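Undergrad: Quick one: the structure is below, questions incoming.
The values are calculated or read from the model by the stated rules, or taken from the named source; none is laboratory data. Remember, it's a predicted structure, so these values are computed and weren't measured experimentally. Reconstructed Cβ throughout: ideal geometry from the backbone, glycine too, with neighbour counts over all protein chains shown.
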Amino acid sequence: MGGFFGAVSHRDVVLDVFFGTDYHSHLGTRNAGMAIWSEERGCQRQIHSIGNTAFRTKFENDLHEFEGTCGIGCISDSDPQPLLVRSKLGLYTISTVGIINNAEALINKNFSSRGFQFMAMSSGKVNSSELVAALINEGDDLISGIRHAQKLIEGSMSILIMTSDGQIIAARDRVGRLPVLIGKSEDGYCVSFESFAYHKLGYQDCYELGPNEIVKINADGFETLAPAGDEMKICAFLWTYYGYPNSNYEGVNVEVMRYRNGEIMAREEEKNGTMPDVDYVAGVPDSGLPHAIGYANYSHKTFARPFVKYTPTWPRSFMPSNQAMRNQVAKMKQIPVPELIEGKKLLFVDDSIVRGTQLRETVEFLYESGAKEVHMRSACPPIMYSCKYLNFSRGGSDLELLARRVIQELEGDEGQKHLEEYANAATERGQCLLKTICEKLGFASLGYQTLDGLIEAIGIDREKICTYCWTGKE
(Lines give C-alpha, C1' and ligand atoms only; values in the text may rest on other atoms or scores of the structure.)
Protein backbone atom coordinates (compact mmCIF):
# COMPACT_ATOMS: atom_id res chain seq x y z
CA MET A 1 0.00 0.00 0.00
CA GLY A 2 2.22 2.82 1.24
CA GLY A 3 2.21 5.86 3.47
CA PHE A 4 3.65 9.36 3.71
CA PHE A 5 4.83 11.83 6.32
CA GLY A 6 5.64 15.52 6.12
CA ALA A 7 6.75 18.24 8.53
CA VAL A 8 7.22 22.01 8.39
CA SER A 9 8.68 23.95 11.27
CA HIS A 10 10.68 26.94 12.48
CA ARG A 11 13.51 24.48 13.14
CA ASP A 12 15.25 21.76 11.12
CA VAL A 13 12.87 18.84 10.37
CA VAL A 14 15.24 16.28 8.85
CA LEU A 15 15.07 13.88 11.80
CA ASP A 16 11.31 14.32 12.13
CA VAL A 17 10.81 13.34 8.48
CA PHE A 18 13.30 10.48 8.81
CA PHE A 19 11.70 8.91 11.88
CA GLY A 20 8.15 9.80 10.86
CA THR A 21 8.56 8.11 7.50
CA ASP A 22 10.30 5.12 9.08
CA TYR A 23 7.24 4.65 11.29
CA HIS A 24 5.24 3.91 8.12
CA SER A 25 7.46 0.99 7.13
CA HIS A 26 4.70 -1.54 7.92
CA LEU A 27 2.74 -0.14 4.97
CA GLY A 28 5.18 -0.85 2.17
CA THR A 29 8.22 -2.88 1.20
CA ARG A 30 9.44 -1.72 -2.22
CA ASN A 31 10.56 1.91 -2.40
CA ALA A 32 11.07 4.88 -0.10
CA GLY A 33 12.13 8.48 -0.44
CA MET A 34 12.81 11.73 1.40
CA ALA A 35 12.81 15.32 0.15
CA ILE A 36 13.85 18.29 2.29
CA TRP A 37 13.54 22.01 1.45
CA SER A 38 15.67 24.84 2.70
CA GLU A 39 15.79 28.47 1.55
CA GLU A 40 19.51 28.25 0.91
CA ARG A 41 19.74 24.84 -0.81
CA GLY A 42 16.30 24.37 -2.29
CA CYS A 43 15.08 20.76 -2.55
CA GLN A 44 17.38 17.91 -1.52
CA ARG A 45 16.02 14.49 -2.43
CA GLN A 46 16.94 10.83 -2.11
CA ILE A 47 15.14 7.63 -3.17
CA HIS A 48 16.11 4.05 -2.30
CA SER A 49 14.80 0.56 -2.85
CA ILE A 50 13.83 -1.04 0.48
CA GLY A 51 13.10 -4.51 -0.94
CA ASN A 52 15.98 -6.09 0.95
CA THR A 53 16.90 -3.49 3.57
CA ALA A 54 14.83 -1.49 6.02
CA PHE A 55 14.16 2.23 5.44
CA ARG A 56 16.24 3.32 8.41
CA THR A 57 19.32 1.43 7.22
CA LYS A 58 19.07 2.84 3.70
CA PHE A 59 18.64 6.48 4.70
CA GLU A 60 20.86 6.81 7.78
CA ASN A 61 23.89 7.65 5.67
CA ASP A 62 21.97 10.35 3.79
CA LEU A 63 20.98 12.36 6.86
CA HIS A 64 24.12 14.51 6.99
CA GLU A 65 23.38 15.70 3.44
CA PHE A 66 19.92 17.01 4.33
CA GLU A 67 19.00 20.27 6.01
CA GLY A 68 15.83 22.32 6.01
CA THR A 69 12.65 23.41 7.73
CA CYS A 70 10.21 21.57 5.47
CA GLY A 71 10.23 18.00 4.24
CA ILE A 72 8.22 15.01 3.07
CA GLY A 73 8.94 11.30 3.00
CA CYS A 74 7.16 8.21 1.75
CA ILE A 75 7.08 4.45 1.94
CA SER A 76 5.75 2.92 -1.25
CA ASP A 77 4.65 -0.51 -2.42
CA SER A 78 4.68 0.83 -5.97
CA ASP A 79 6.80 3.42 -7.75
CA PRO A 80 9.96 5.32 -6.71
CA GLN A 81 9.07 8.72 -5.22
CA PRO A 82 8.84 11.59 -4.22
CA LEU A 83 9.35 13.27 -7.58
CA LEU A 84 10.61 16.79 -8.23
CA VAL A 85 8.35 18.50 -10.78
CA ARG A 86 8.90 21.70 -12.74
CA SER A 87 5.79 22.97 -14.50
CA LYS A 88 3.66 26.04 -15.26
CA LEU A 89 2.44 25.76 -11.65
CA GLY A 90 5.97 26.15 -10.35
CA LEU A 91 8.57 23.85 -8.84
CA TYR A 92 7.22 21.31 -6.33
CA THR A 93 7.87 17.86 -4.92
CA ILE A 94 5.09 15.27 -4.99
CA SER A 95 4.39 11.94 -3.31
CA THR A 96 1.25 9.86 -3.79
CA VAL A 97 -0.40 6.80 -2.25
CA GLY A 98 -3.08 4.95 -4.15
CA ILE A 99 -3.88 3.15 -7.37
CA ILE A 100 -4.74 4.45 -10.85
CA ASN A 101 -6.74 1.73 -12.60
CA ASN A 102 -7.26 3.79 -15.76
CA ALA A 103 -3.67 5.01 -16.19
CA GLU A 104 -3.34 3.99 -19.85
CA ALA A 105 -6.71 5.51 -20.74
CA LEU A 106 -5.75 8.78 -19.04
CA ILE A 107 -2.45 8.92 -20.92
CA ASN A 108 -4.09 8.17 -24.26
CA LYS A 109 -6.92 10.64 -23.75
CA ASN A 110 -5.14 13.52 -22.08
CA PHE A 111 -1.58 13.48 -23.36
CA SER A 112 -0.92 11.33 -26.44
CA SER A 113 -2.33 13.80 -28.98
CA ARG A 114 -0.06 16.55 -27.67
CA GLY A 115 3.17 14.58 -28.03
CA PHE A 116 3.55 14.49 -24.24
CA GLN A 117 6.31 12.20 -22.99
CA PHE A 118 6.59 10.25 -19.74
CA MET A 119 9.66 8.53 -18.33
CA ALA A 120 8.77 4.84 -18.53
CA MET A 121 9.93 2.41 -15.86
CA SER A 122 11.50 -0.95 -16.77
CA SER A 123 8.03 -2.52 -16.95
CA GLY A 124 6.99 0.06 -19.51
CA LYS A 125 4.46 1.59 -17.13
CA VAL A 126 4.41 5.23 -16.13
CA ASN A 127 5.28 6.28 -12.58
CA SER A 128 1.93 7.00 -10.90
CA SER A 129 3.19 10.15 -9.18
CA GLU A 130 4.42 11.50 -12.52
CA LEU A 131 1.01 10.87 -14.08
CA VAL A 132 -0.74 12.54 -11.13
CA ALA A 133 1.58 15.54 -11.48
CA ALA A 134 0.79 15.79 -15.20
CA LEU A 135 -2.94 15.80 -14.43
CA ILE A 136 -2.47 18.40 -11.70
CA ASN A 137 -0.55 20.61 -14.12
CA GLU A 138 -3.62 20.81 -16.35
CA GLY A 139 -5.26 22.95 -13.66
CA ASP A 140 -4.93 26.69 -13.22
CA ASP A 141 -3.33 26.19 -9.81
CA LEU A 142 -2.33 23.32 -7.55
CA ILE A 143 -5.70 23.08 -5.81
CA SER A 144 -7.84 22.99 -8.95
CA GLY A 145 -5.26 20.64 -10.45
CA ILE A 146 -5.49 18.21 -7.53
CA ARG A 147 -9.29 18.20 -7.76
CA HIS A 148 -9.03 17.66 -11.52
CA ALA A 149 -6.67 14.70 -11.05
CA GLN A 150 -8.74 13.04 -8.35
CA LYS A 151 -11.89 13.42 -10.41
CA LEU A 152 -10.34 11.68 -13.41
CA ILE A 153 -8.58 8.87 -11.55
CA GLU A 154 -10.41 5.57 -11.24
CA GLY A 155 -9.12 4.04 -8.03
CA SER A 156 -7.83 6.05 -5.11
CA MET A 157 -5.22 8.77 -4.69
CA SER A 158 -3.95 10.69 -1.66
CA ILE A 159 -1.42 13.40 -2.48
CA LEU A 160 1.37 15.18 -0.58
CA ILE A 161 3.08 18.18 -2.19
CA MET A 162 6.00 20.26 -0.91
CA THR A 163 6.11 23.65 -2.62
CA SER A 164 9.20 25.64 -3.51
CA ASP A 165 8.46 28.18 -0.77
CA GLY A 166 8.60 25.59 2.02
CA GLN A 167 4.94 24.73 2.54
CA ILE A 168 3.06 21.43 2.36
CA ILE A 169 -0.22 20.72 0.61
CA ALA A 170 -1.98 17.51 1.65
CA ALA A 171 -5.02 16.01 -0.10
CA ARG A 172 -6.96 13.04 1.21
CA ASP A 173 -8.34 10.73 -1.49
CA ARG A 174 -11.77 11.44 -2.91
CA VAL A 175 -13.78 9.22 -0.54
CA GLY A 176 -11.27 8.96 2.29
CA ARG A 177 -10.23 5.33 1.85
CA LEU A 178 -7.01 6.14 3.70
CA PRO A 179 -6.47 8.56 6.61
CA VAL A 180 -4.54 11.82 6.60
CA LEU A 181 -3.88 13.48 9.97
CA ILE A 182 -2.20 16.67 11.15
CA GLY A 183 -0.08 16.93 14.29
CA LYS A 184 1.07 20.07 16.10
CA SER A 185 4.21 20.85 18.14
CA GLU A 186 5.65 23.99 19.70
CA ASP A 187 7.69 24.65 16.58
CA GLY A 188 5.45 23.56 13.73
CA TYR A 189 3.13 21.03 12.17
CA CYS A 190 3.28 17.63 10.53
CA VAL A 191 1.03 15.49 8.32
CA SER A 192 0.89 11.72 8.51
CA PHE A 193 -1.05 8.53 7.80
CA GLU A 194 -0.31 7.16 11.26
CA SER A 195 -0.93 9.22 14.41
CA PHE A 196 1.59 7.32 16.54
CA ALA A 197 4.33 8.35 14.08
CA TYR A 198 4.14 11.95 15.23
CA HIS A 199 3.24 11.25 18.85
CA LYS A 200 6.73 9.82 19.30
CA LEU A 201 8.21 13.00 17.82
CA GLY A 202 6.56 15.46 20.19
CA TYR A 203 3.52 16.35 18.10
CA GLN A 204 -0.04 16.20 19.42
CA ASP A 205 -3.25 15.35 17.58
CA CYS A 206 -4.54 18.45 15.84
CA TYR A 207 -6.82 17.62 12.90
CA GLU A 208 -8.01 14.74 10.71
CA LEU A 209 -8.76 15.57 7.09
CA GLY A 210 -12.15 14.63 5.73
CA PRO A 211 -12.56 12.81 2.42
CA ASN A 212 -11.44 14.87 -0.58
CA GLU A 213 -10.26 17.69 1.70
CA ILE A 214 -7.17 19.68 0.75
CA VAL A 215 -5.14 21.63 3.32
CA LYS A 216 -2.05 23.83 3.21
CA ILE A 217 0.38 23.56 6.12
CA ASN A 218 3.20 25.87 7.21
CA ALA A 219 5.16 26.35 10.41
CA ASP A 220 2.48 28.60 11.90
CA GLY A 221 -0.65 26.62 11.15
CA PHE A 222 -2.85 25.11 8.48
CA GLU A 223 -5.86 26.10 6.44
CA THR A 224 -8.41 24.22 4.40
CA LEU A 225 -8.11 25.09 0.71
CA ALA A 226 -10.87 22.76 -0.49
CA PRO A 227 -13.57 21.44 1.86
CA ALA A 228 -14.27 17.81 2.66
CA GLY A 229 -16.87 15.88 0.71
CA ASP A 230 -19.90 14.16 2.19
CA GLU A 231 -19.08 10.60 1.08
CA MET A 232 -16.55 8.46 2.95
CA LYS A 233 -15.49 4.85 2.32
CA ILE A 234 -12.54 4.23 4.63
CA CYS A 235 -10.83 0.86 4.19
CA ALA A 236 -11.86 -1.68 6.84
CA PHE A 237 -8.50 -3.45 6.48
CA LEU A 238 -6.81 -0.53 8.22
CA TRP A 239 -8.25 -1.97 11.42
CA THR A 240 -8.10 -5.70 10.65
CA TYR A 241 -4.63 -5.83 9.10
CA TYR A 242 -2.76 -2.78 7.79
CA GLY A 243 -2.93 -0.41 10.73
CA TYR A 244 -0.34 -0.40 13.49
CA PRO A 245 -1.75 -1.30 16.95
CA ASN A 246 -1.58 2.19 18.44
CA SER A 247 -3.05 3.96 15.40
CA ASN A 248 -6.45 5.62 15.44
CA TYR A 249 -8.68 6.13 12.41
CA GLU A 250 -11.90 8.12 12.65
CA GLY A 251 -11.46 7.97 16.43
CA VAL A 252 -11.26 4.16 16.59
CA ASN A 253 -8.06 2.53 17.89
CA VAL A 254 -6.69 -0.43 15.91
CA GLU A 255 -5.72 -2.65 18.86
CA VAL A 256 -8.99 -2.04 20.70
CA MET A 257 -10.97 -2.84 17.56
CA ARG A 258 -9.08 -6.11 17.11
CA TYR A 259 -9.79 -7.20 20.69
CA ARG A 260 -13.45 -6.36 20.17
CA ASN A 261 -13.47 -8.20 16.85
CA GLY A 262 -12.14 -11.39 18.45
CA GLU A 263 -14.65 -11.12 21.26
CA ILE A 264 -17.52 -10.84 18.78
CA MET A 265 -16.28 -13.90 16.87
CA ALA A 266 -16.17 -15.93 20.08
CA ARG A 267 -19.57 -14.62 21.17
CA GLU A 268 -21.20 -15.74 17.95
CA GLU A 269 -19.47 -19.13 18.00
CA GLU A 270 -20.67 -19.72 21.54
CA LYS A 271 -24.20 -18.70 20.52
CA ASN A 272 -24.15 -21.00 17.46
CA GLY A 273 -22.51 -23.92 19.26
CA THR A 274 -19.54 -24.03 16.87
CA MET A 275 -16.74 -23.24 19.32
CA PRO A 276 -14.32 -26.21 19.41
CA ASP A 277 -12.73 -27.68 22.52
CA VAL A 278 -9.08 -26.63 22.33
CA ASP A 279 -6.08 -26.37 24.63
CA TYR A 280 -4.95 -22.96 23.40
CA VAL A 281 -6.18 -19.99 21.39
CA ALA A 282 -3.40 -18.35 19.39
CA GLY A 283 -2.93 -15.67 16.77
CA VAL A 284 -1.07 -16.00 13.51
CA PRO A 285 1.78 -13.47 14.04
CA ASP A 286 1.63 -10.59 14.09
CA SER A 287 -1.67 -8.94 13.18
CA GLY A 288 -3.70 -12.01 14.14
CA LEU A 289 -2.55 -11.83 17.77
CA PRO A 290 -4.93 -9.14 19.10
CA HIS A 291 -7.93 -10.73 17.38
CA ALA A 292 -6.95 -13.98 19.13
CA ILE A 293 -6.57 -12.23 22.49
CA GLY A 294 -10.13 -10.96 22.17
CA TYR A 295 -11.36 -14.44 21.24
CA ALA A 296 -9.53 -16.02 24.19
CA ASN A 297 -10.74 -13.38 26.65
CA TYR A 298 -14.38 -13.91 25.75
CA SER A 299 -14.21 -17.72 25.53
CA HIS A 300 -12.09 -18.08 28.71
CA LYS A 301 -9.72 -20.35 26.81
CA THR A 302 -6.00 -20.04 27.46
CA PHE A 303 -4.14 -17.73 25.11
CA ALA A 304 -0.69 -18.92 23.98
CA ARG A 305 1.97 -18.37 21.33
CA PRO A 306 2.80 -21.84 19.95
CA PHE A 307 5.16 -20.30 17.42
CA VAL A 308 6.82 -16.94 16.94
CA LYS A 309 8.26 -15.11 13.96
CA TYR A 310 12.01 -14.58 13.93
CA THR A 311 12.44 -11.06 12.55
CA PRO A 312 15.98 -9.87 13.48
CA THR A 313 17.43 -11.39 10.30
CA TRP A 314 14.17 -11.84 8.36
CA PRO A 315 12.32 -8.52 8.75
CA ARG A 316 9.03 -7.89 7.01
CA SER A 317 10.81 -5.57 4.61
CA PHE A 318 12.84 -8.48 3.20
CA MET A 319 10.80 -9.53 0.15
CA PRO A 320 12.85 -11.66 -2.29
CA SER A 321 11.67 -11.39 -5.87
CA ASN A 322 11.86 -15.16 -6.33
CA GLN A 323 8.69 -16.97 -5.15
CA ALA A 324 10.59 -20.06 -4.01
CA MET A 325 12.88 -17.85 -1.93
CA ARG A 326 9.86 -16.01 -0.45
CA ASN A 327 8.34 -19.35 0.55
CA GLN A 328 11.60 -20.44 2.13
CA VAL A 329 11.92 -17.17 4.06
CA ALA A 330 8.36 -17.60 5.34
CA LYS A 331 9.33 -21.02 6.70
CA MET A 332 12.56 -19.74 8.21
CA LYS A 333 10.65 -17.09 10.17
CA GLN A 334 8.42 -19.62 11.95
CA ILE A 335 10.03 -20.83 15.17
CA PRO A 336 7.95 -23.38 17.14
CA VAL A 337 7.53 -23.71 20.89
CA PRO A 338 7.23 -27.53 21.07
CA GLU A 339 5.86 -27.52 24.61
CA LEU A 340 2.82 -25.57 23.37
CA ILE A 341 2.27 -27.63 20.20
CA GLU A 342 2.97 -31.31 20.76
CA GLY A 343 -0.26 -33.20 21.32
CA LYS A 344 -2.26 -29.98 21.63
CA LYS A 345 -5.53 -28.86 20.08
CA LEU A 346 -4.95 -25.34 18.77
CA LEU A 347 -7.27 -22.62 17.50
CA PHE A 348 -5.54 -19.92 15.46
CA VAL A 349 -6.99 -16.56 14.47
CA ASP A 350 -5.56 -14.82 11.41
CA ASP A 351 -6.35 -11.28 10.29
CA SER A 352 -7.62 -12.60 6.94
CA ILE A 353 -7.32 -15.46 4.47
CA VAL A 354 -6.40 -14.16 1.03
CA ARG A 355 -4.73 -16.74 -1.21
CA GLY A 356 -4.07 -19.33 1.47
CA THR A 357 -0.59 -20.35 0.31
CA GLN A 358 1.38 -19.38 3.42
CA LEU A 359 -1.43 -20.44 5.73
CA ARG A 360 -1.36 -23.96 4.32
CA GLU A 361 2.38 -24.08 4.92
CA THR A 362 1.86 -22.79 8.47
CA VAL A 363 -0.66 -25.55 9.22
CA GLU A 364 1.69 -28.18 7.76
CA PHE A 365 4.46 -26.78 9.95
CA LEU A 366 2.23 -27.07 13.05
CA TYR A 367 1.27 -30.66 12.34
CA GLU A 368 4.90 -31.52 11.62
CA SER A 369 5.68 -29.99 15.03
CA GLY A 370 3.26 -32.38 16.72
CA ALA A 371 -0.08 -30.52 16.86
CA LYS A 372 -3.09 -32.79 17.39
CA GLU A 373 -5.64 -30.42 15.84
CA VAL A 374 -5.39 -27.03 14.13
CA HIS A 375 -8.58 -24.98 13.94
CA MET A 376 -8.55 -21.74 11.97
CA ARG A 377 -10.56 -18.53 12.28
CA SER A 378 -10.42 -15.52 9.98
CA ALA A 379 -10.97 -12.11 11.54
CA CYS A 380 -12.87 -10.96 8.45
CA PRO A 381 -15.31 -12.53 5.94
CA PRO A 382 -14.19 -14.55 2.90
CA ILE A 383 -12.45 -12.25 0.42
CA MET A 384 -14.37 -12.50 -2.84
CA TYR A 385 -13.03 -9.57 -4.88
CA SER A 386 -9.55 -8.17 -5.56
CA CYS A 387 -9.20 -4.64 -4.21
CA LYS A 388 -9.62 -1.89 -6.81
CA TYR A 389 -8.50 0.92 -4.56
CA LEU A 390 -5.42 -0.15 -2.56
CA ASN A 391 -2.77 -2.84 -2.87
CA PHE A 392 -4.47 -5.27 -0.50
CA SER A 393 -5.58 -8.58 -2.13
CA ARG A 394 -4.70 -7.37 -5.61
CA GLY A 395 -3.81 -9.90 -8.25
CA GLY A 396 -4.17 -10.81 -11.89
CA SER A 397 -7.54 -12.44 -11.31
CA ASP A 398 -10.17 -12.82 -8.60
CA LEU A 399 -9.66 -16.56 -9.00
CA GLU A 400 -6.29 -16.17 -7.27
CA LEU A 401 -8.28 -15.57 -4.08
CA LEU A 402 -8.76 -18.77 -2.09
CA ALA A 403 -12.53 -18.50 -1.66
CA ARG A 404 -13.16 -17.71 -5.34
CA ARG A 405 -10.81 -20.45 -6.47
CA VAL A 406 -12.57 -23.05 -4.34
CA ILE A 407 -16.00 -21.89 -5.53
CA GLN A 408 -14.83 -22.27 -9.13
CA GLU A 409 -13.66 -25.80 -8.40
CA LEU A 410 -16.98 -26.66 -6.75
CA GLU A 411 -19.44 -25.26 -9.29
CA GLY A 412 -17.53 -23.64 -12.11
CA ASP A 413 -18.94 -20.39 -13.51
CA GLU A 414 -22.33 -21.13 -11.96
CA GLY A 415 -20.81 -20.83 -8.50
CA GLN A 416 -19.60 -17.31 -9.24
CA LYS A 417 -23.25 -16.23 -9.42
CA HIS A 418 -23.79 -17.22 -5.77
CA LEU A 419 -20.91 -15.48 -3.98
CA GLU A 420 -23.13 -13.89 -1.35
CA GLU A 421 -24.52 -17.30 -0.49
CA TYR A 422 -21.06 -18.86 -0.28
CA ALA A 423 -19.96 -16.08 2.08
CA ASN A 424 -22.76 -16.97 4.51
CA ALA A 425 -21.86 -19.92 6.74
CA ALA A 426 -25.56 -20.43 7.54
CA THR A 427 -26.27 -21.59 3.97
CA GLU A 428 -25.60 -24.97 2.36
CA ARG A 429 -23.15 -23.39 -0.07
CA GLY A 430 -21.42 -21.57 2.79
CA GLN A 431 -20.95 -24.80 4.69
CA CYS A 432 -19.63 -26.48 1.54
CA LEU A 433 -17.04 -23.71 1.13
CA LEU A 434 -15.84 -24.11 4.73
CA LYS A 435 -15.63 -27.91 4.44
CA THR A 436 -13.70 -27.79 1.16
CA ILE A 437 -11.16 -25.23 2.42
CA CYS A 438 -10.66 -27.33 5.56
CA GLU A 439 -9.87 -30.35 3.41
CA LYS A 440 -7.49 -28.36 1.19
CA LEU A 441 -5.56 -26.60 3.94
CA GLY A 442 -5.74 -29.22 6.68
CA PHE A 443 -7.89 -27.33 9.18
CA ALA A 444 -9.84 -29.28 11.78
CA SER A 445 -12.47 -26.54 11.45
CA LEU A 446 -12.75 -23.10 9.85
CA GLY A 447 -14.78 -20.02 10.69
CA TYR A 448 -14.97 -16.53 9.24
CA GLN A 449 -16.03 -13.34 10.97
CA THR A 450 -19.28 -12.06 9.52
CA LEU A 451 -19.52 -8.68 7.85
CA ASP A 452 -22.01 -7.54 10.50
CA GLY A 453 -19.60 -8.63 13.23
CA LEU A 454 -16.67 -6.82 11.63
CA ILE A 455 -18.61 -3.59 11.25
CA GLU A 456 -19.82 -3.88 14.84
CA ALA A 457 -16.19 -4.19 15.96
CA ILE A 458 -15.12 -1.08 14.02
CA GLY A 459 -18.02 0.83 15.47
CA ILE A 460 -18.62 3.51 12.85
CA ASP A 461 -21.45 3.93 10.35
CA ARG A 462 -21.56 1.04 7.86
CA GLU A 463 -22.04 3.51 5.00
CA LYS A 464 -18.65 5.08 5.78
CA ILE A 465 -16.68 1.81 5.46
CA CYS A 466 -15.41 0.24 2.23
CA THR A 467 -16.38 -3.44 2.08
CA TYR A 468 -15.73 -3.98 -1.63
CA CYS A 469 -13.40 -6.97 -1.24
CA TRP A 470 -16.17 -8.91 0.53
CA THR A 471 -19.29 -7.68 -1.23
CA GLY A 472 -18.15 -6.35 -4.59
CA LYS A 473 -20.21 -3.23 -3.89
CA GLU A 474 -18.74 0.26 -3.74
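Undergrad: Name the residue, out of I75, I36, that is in contact with a His (Cβ under 7 Å, 6 or more places away or on another chain), under 30 Å from G155 (Cα atoms) and not basic (K, R).
TA: Checking each option against the conditions leaves just I75.
Undergrad: Tell me, please, whether a residue that is buried (at least 24 other Cβ atoms within 10 Å of the Cβ) and more than 23 Å from the chain's Cα centre (by Cα) can be found in region 174-188.
TA: Within region 174-188, not a single residue is buried (at least 24 other Cβ atoms within 10 Å of the Cβ) and more than 23 Å from the chain's Cα centre (by Cα).
Undergrad: Something else about it: Would you please list the contacts, defined by Cβ atoms under 8 Å and residues six or more apart or on different chains, that run from a residue in region 50-70 that is in a helix (DSSP H, G or I) to a residue that is loosely packed, with under 15 Cβ neighbours inside 10 Å?
TA: Qualifying pairs under 8 Å: K58/S49; L63/L15.
Undergrad: With respect to N253, determine if the residue is within 17 Å of L181 (Cβ to Cβ), out of contact with any Pro (no Cβ under 6 Å at 6 or more places or on another chain) and not aromatic (F, W, Y).
TA: In short, yes.
Undergrad: Residues of region 232-271 being at pLDDT 95 or above and more than 17 Å from G459 (Cβ to Cβ), which ones?
TA: Once the filter is applied, which keeps residues that are at pLDDT 95 or above and more than 17 Å from G459 (Cβ to Cβ), region 232-271 yields A266, E269, E270, K271.
Undergrad: Kindly indicate whether D398 is in contact with a helix residue (DSSP H, G or I) (Cβ under 6 Å, 6 or more places away or on another chain), free of Cβ contacts under 8 Å to residues at least 60 places away in the same chain and not basic (K, R).
TA: yes
Undergrad: Further question: Given the options G283, G356, name the one that is within 30 Å of F55 (Cβ to Cβ) and at pLDDT 95 or above.
TA: Of the residues listed, the single one that is within 30 Å of F55 (Cβ to Cβ) and at pLDDT 95 or above is G283.
Undergrad: Something else now. Looking at this structure, is I214 under 25 Å from S25 (Cα atoms), at pLDDT 95 or above, crowded, with 19+ Cβ neighbours inside 10 Å and not assigned by TED's automatic domain parsing to the domain that holds S9?
TA: So I214 does not fit the description; no.
Undergrad: Tally time: how many residues in region 150-195 are without any contact (Cβ under 8 Å) to a residue 24 or more places away in the chain and assigned to a loop (DSSP other than H, G, I, E, B)?
TA: 2
Undergrad: Could you list, in sequence order, all residues of region 112-149 that are modelled with pLDDT of 80 or more, assigned to a loop (DSSP other than H, G, I, E, B) and more than 25 Å from the chain's Cα centre (by Cα)?
TA: N137, E138, G139, D140, D141
Undergrad: Can you spot a residue in region 75-93 that is outside any helix (DSSP H, G or I), of a type in the set (K, R) and farther than 18 Å from A171 by Cβ?
TA: Within region 75-93, one or more residues are outside any helix (DSSP H, G or I), of a type in the set (K, R) and farther than 18 Å from A171 by Cβ.
Undergrad: Follow-up question, since we're still on this one. Name the pairs whose Cβ atoms lie under 8 Å apart, with the first residue in region 21-48 and of a type in the set (K, R), the second not in a strand (DSSP E or B), and 6 or more positions between them or separate chains?
TA: Sorted first by the residue in region 21-48, then by its partner, the pairs are R30/I50; R30/G51; R30/D77; R30/S78; R30/M319; R41/E67; R41/G68; R45/P82.
Undergrad: All but one of (1) closer than 23 Å to I99 by Cβ; (2) of a type in the set (A, V, I, L, M); (3) modelled with pLDDT under 95 hold for I465, so report the exception by its number.
TA: Condition not satisfied by I465: (3).
Undergrad: Within the bounds of region 423-432, is there any residue that is of a type in the set (V, I, T) and without any contact (Cβ under 8 Å) to a residue 24 or more places away in the chain?
TA: yes
Undergrad: Where in region 371-463 are there helices (runs of 4 or more DSSP H), lying fully within it, with 1 or more residues that are polar (S, T, N, Q) and at negative phi?
TA: 402-411, 428-441
Undergrad: In this structure, does A219 turn out to be surrounded by fewer than 21 Cβ atoms within 10 Å (Cβ to Cβ), among the small types (G, A, S) and touching a residue at least 40 places away in the same chain (Cβ under 8 Å)?
TA: Against the criterion (surrounded by fewer than 21 Cβ atoms within 10 Å (Cβ to Cβ), among the small types (G, A, S) and touching a residue at least 40 places away in the same chain (Cβ under 8 Å)), A219 qualifies.
Undergrad: With under 19 Å from the mean Cα position of the chain (by Cα) and small (G, A, S) as the only criterion, which of G262, G229, G251, G221 stands out?
TA: Of the residues listed, the single one that is under 19 Å from the mean Cα position of the chain (by Cα) and small (G, A, S) is G251.
Per-residue answers, yes or no, for (1) touching a Cys at 6+ places or on another chain (Cβ under 9 Å); (2) within 19 Å of K435 (Cα to Cα); (3) buried (at least 16 other Cβ atoms within 10 Å of the Cβ); (4) of a type in the set (S, T, Y):
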{"position": "G343", "(1), (2), (3), (4)": "no, no, no, no"}
{"position": "E361", "(1), (2), (3), (4)": "no, yes, no, no"}
{"position": "M376", "(1), (2), (3), (4)": "yes, yes, yes, no"}
{"position": "I383", "(1), (2), (3), (4)": "yes, yes, yes, no"}
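Undergrad: Scan region 58-78 and tell me whether some residue there is within 20 Å of A197 (Cα to Cα) and exposed (fewer than 14 other Cβ atoms within 10 Å of the Cβ).
TA: Yes, there is a match, as at least one residue in region 58-78 is within 20 Å of A197 (Cα to Cα) and exposed (fewer than 14 other Cβ atoms within 10 Å of the Cβ).
Undergrad: Would you check which residues across region 340-366 are touching an Asp or Glu at 6+ places or on another chain (Cβ under 9 Å) and either part of a helix (DSSP H, G or I) or without any contact (Cβ under 8 Å) to a residue 40 or more places away in the chain (or both) and list them?
TA: Those that are touching an Asp or Glu at 6+ places or on another chain (Cβ under 9 Å) and either part of a helix (DSSP H, G or I) or without any contact (Cβ under 8 Å) to a residue 40 or more places away in the chain (or both): L340, G343, L359, T362.
Undergrad: Please pick out the residue among K109, K125, K151, K88 that is surrounded by 14 or more Cβ atoms within 10 Å (Cβ to Cβ) and of a type in the set (K, R).
TA: K125
Undergrad: Now for a different question. When region 80-108 is examined, which residues are found to be in contact with a Cys (Cβ under 9 Å, 6 or more places away or on another chain) and under 18 Å from N212 (Cα atoms)?
TA: Within region 80-108, S95, T96, V97, I99 meet the criteria.
Undergrad: All but one of (1) closer than 26 Å to R305 by Cβ; (2) over 28 Å from the mean Cα position of the chain (by Cα) hold for E411; state the number of the condition that does not hold.
TA: Status for E411: all satisfied but (1).
Undergrad: Any chance you could count how many residues in region 1-30 are closer than 20 Å to L390 by Cβ and assigned to a loop (DSSP other than H, G, I, E, B)?
TA: Within region 1-30, residues that are closer than 20 Å to L390 by Cβ and assigned to a loop (DSSP other than H, G, I, E, B) number 6.
Undergrad: Being within 28 Å of the chain's Cα centre (by Cα) and among the acidic types (D, E) is the filter here, so list the residues in region 422-462 that pass it.
TA: Listed by number, the residues that qualify are D452, E456, D461.
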